[in-house]
Amino acid sequence: MPLFDQLVPKNLLEVQKWFGSVIARPLEKGDLISLVSPTGNSIKEEAEGFILPSEGLEPFERIQIYSQQYWWRLLTIMQEAFPCLLRLFGHRGFNELIATPYLARYLPDDWSLNTLGKRLVPWIEEYYREEDKSLVLDAARLDYAYQVLFFTKDTPRLDATSEDFGVKPLYLRPSVCLLDFAYDMPD
């Protein structure tokens, strides 16, 4: 048993695991959570065992609001991080064909949501099957390069008057990314 599981009170650990299992599931049609819990039981009945009602909301309604807000936030982050892909698909298409299936496979695993799309390019390579795959893959690569380079620390510029210039090997700066497209992707 992991140390964390030993340190957390059993009832709190049960609530956390249940809560996480419910919100980790993508929203269904109409941006609603599934009526069936991950255990196969009624989510309404299970929610009553873990969440107290509030003055105006039943336990099921409370978990639904939290789940919606969680997924809407993740989708918004993906849309902002991948504007070229978003432009190709539109909001609905991007959410349904790219972001939701990707996030269902790779939930956030970092304290910073800036890394949310770090596996999107390999995900597209492995799971995206449409005819426009090469365009979609190139758009994802371009978007991801912009995202990574935005957070990359810049290094001092090369001094062409230095004695070492032309003698020592040259390396690309960490803030440079070379991409090769069969067409003018940025345009």
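Considering segment 113-123, the residues that are open to solvent by 20 Å² or more (accessible area, probe 1.4 Å) and not in a helix (DSSP H, G or I) include one that is farthest from residue 145 (Cα to Cα), namely 119. Could you tell me which residue of segment 1-54 is farthest from residue 97 (Cα to Cα), considering only residues that are charged (D, E, K, R), open to solvent by less than 80 Å² (accessible area, probe 1.4 Å) and free of Cβ contacts under 8 Å to residues at least 40 places away in the same chain? The extreme case among them is 5.
Can you tell me which residue in segment 55-86 is most open to solvent (accessible area, probe 1.4 Å), limited to those that are in contact (Cβ under 8 Å) with a residue 24 or more places away in the chain and among the aromatic types (Phe, Trp, Tyr)? In this case the residue turns out to be 66. The single residue among 142, 137, 107, 97 that is part of a loop (DSSP other than H, G, I, E, B) and surrounded by 11 or more Cβ atoms within 10 Å (Cβ to Cβ) turns out to be 107.
Could you name every one of the helices (runs of 4 or more DSSP H) located completely within segment 1-93 that has at least 1 residues being under 30 Å from residue 139 (Cα atoms)? Reasoning before the result, please.
Details: elements: 3-7, 10-23, 43-50, 59-81, 83-93.
Qualifying helices (runs of 4 or more DSSP H): 10-23, 59-81, 83-93.
Within segment 145-183, restricting attention to residues that are among the charged types (D, E, K, R) and under 25 Å from residue 122 (Cβ atoms), which residue is least open to solvent (accessible area, probe 1.4 Å)?
By that ranking, first place goes to 173.
Can you name the residue in segment 106-147 that is closer than 21 Å to residue 185 by Cβ, of a type in the set (A, V, I, L, M) and under 16 Å from the mean Cα position of the chain (by Cα) and, of all such residues, is modelled with the lowest pLDDT? Among those residues, the one meeting the criterion is 145. Checked against the criterion of being among the polar types (S, T, N, Q) and modelled with pLDDT under 90, the candidates 6, 64, 68 yield just one match: 6. Which members of segment 145-170 meet the condition of being under 30 Å from residue 113 (Cα atoms), assigned to a loop (DSSP other than H, G, I, E, B) and not β-branched (Val, Ile, Thr)? If the condition is that a residue be under 30 Å from residue 113 (Cα atoms), assigned to a loop (DSSP other than H, G, I, E, B) and not β-branched (Val, Ile, Thr), then 151, 153, 154, 156 are the ones that fit.
The values are calculated or read from the model by the stated rules, or taken from the named source; none is laboratory data. Since the structure is predicted, the reported quantities are computational estimates derived from the model, not experimental observations. Every residue, glycine as well, gets a Cβ built from its backbone with ideal geometry; the counts of neighbours run over all protein chains shown. In case anyone asks, the SASA skips ligands and DNA or RNA and just uses the protein heavy atoms, side chains included. Shrake-Rupley method; radii C 1.70, N 1.55, O 1.52, S 1.80 Å.
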